[in-house]
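Here's the structure we're looking at; comments come further down.
What follows draws every value from the coordinates through simple rules; no lab data is involved. Given the structure is predicted, the values throughout are model-derived calculations rather than measurements. Cβ sites come from the backbone with ideal geometry, for glycine too, and all protein chains shown count toward neighbours.
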């Protein structure tokens, strides 16, 4: 795994929902190496451990990456205080990303909550051949819908409370889309229960599925055991690092805890 560590300028910042921020960072060396589904590890002043944040967008030509994150604790709260012009200490790109097929293939990108941002770069590859199924708690939490629409994707929005789009789970919309026609692959990122359900639907319809797991991380490079997960192996099961071996895995190999 090849990665870099340095400080880079934050060149754009905006709040896109309550406690949710969109950063653009100018880091040419990292941008040119980044792939859809990878993440960066960001150093936060006053905190020992870095914060892993999925890469939302990559512009290798301009040398920029885009990250979108939600404030969930003291570390991300401190990150939210960064301002344009500040230097951001980044380790990355890290992890193994999604496998992208030919752009003419039919893809479903499925995201739940803060699992939606890494789906943007995947959807960009497929454009109008992608269906984006995105789910949130309520209308006030919806993010990035316009990004998927701008790329020509068929966007299907779900909210838990029904204040926007379909009231219910993303799996409802995944089933509906698959009932309308075949798909070549499904990509998903979000809470573990959602990933498990999407994997089950993919198996039912015989569609290849890749999932990006969300786990707490320590080092981000596979040196510690904080982000261990269970993966099916030839002889039972094996423990893998989400940061180094993932975060993307073939859904059929992941052993989801019951």
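Say each of residue 167 and residue 86 gets a label point 7 Å from the Cα, pointing the same way as Cα to Cβ; how far apart are those two points in nm? Output for this residue pair reads 4.0 nm. Approximating the spin labels as points 7 Å out from Cα along Cα→Cβ, the residue 35-to-residue 7 distance works out to 3.1 nm. Stokes-Einstein diffusion of segment 4-94 at 10 °C, 1.306 mPa s viscosity, Kirkwood radius from Cα pairs, rounded to a whole number: 124 µm²/s.
Under the shape rule built on the C-alpha gyration tensor, where the axes satisfy a ≥ b ≥ c, segment 123-258 is prolate, since a/c reaches at least 1.5 and a/b is greater than b/c.
When each of the peptides 102-108, 235-241 is scored by the mean number of other C-beta atoms lying within 10 Å of its residues, the order from highest to lowest reads 102-108, 235-241. Calculated from the structure at hand, log10 I(q)/I(0) by the Debye sum over Cα atoms at q = 0.07, 0.12, 0.17 Å⁻¹ is found among (1) -0.48, -0.92, -1.28; (2) -0.27, -0.76, -1.27; (3) -0.22, -0.68, -1.39 as (3).
Given their separation in residues at 0.36 nm each and the Cα-Cα distance between them, residue 192 and residue 228 gain 11.6 nm when the chain is fully extended. Where only DSSP H runs of four or more residues are counted, the chain gives -6000 deg cm²/dmol as its mean residue ellipticity at 222 nm, each run worth -39500 (n - 2.57). With a cut-off of 17 Å on the backbone N, the residues of segment 138-163 near the modelled label site 7 Å out from residue 205 along Cα-Cβ are 153-158.
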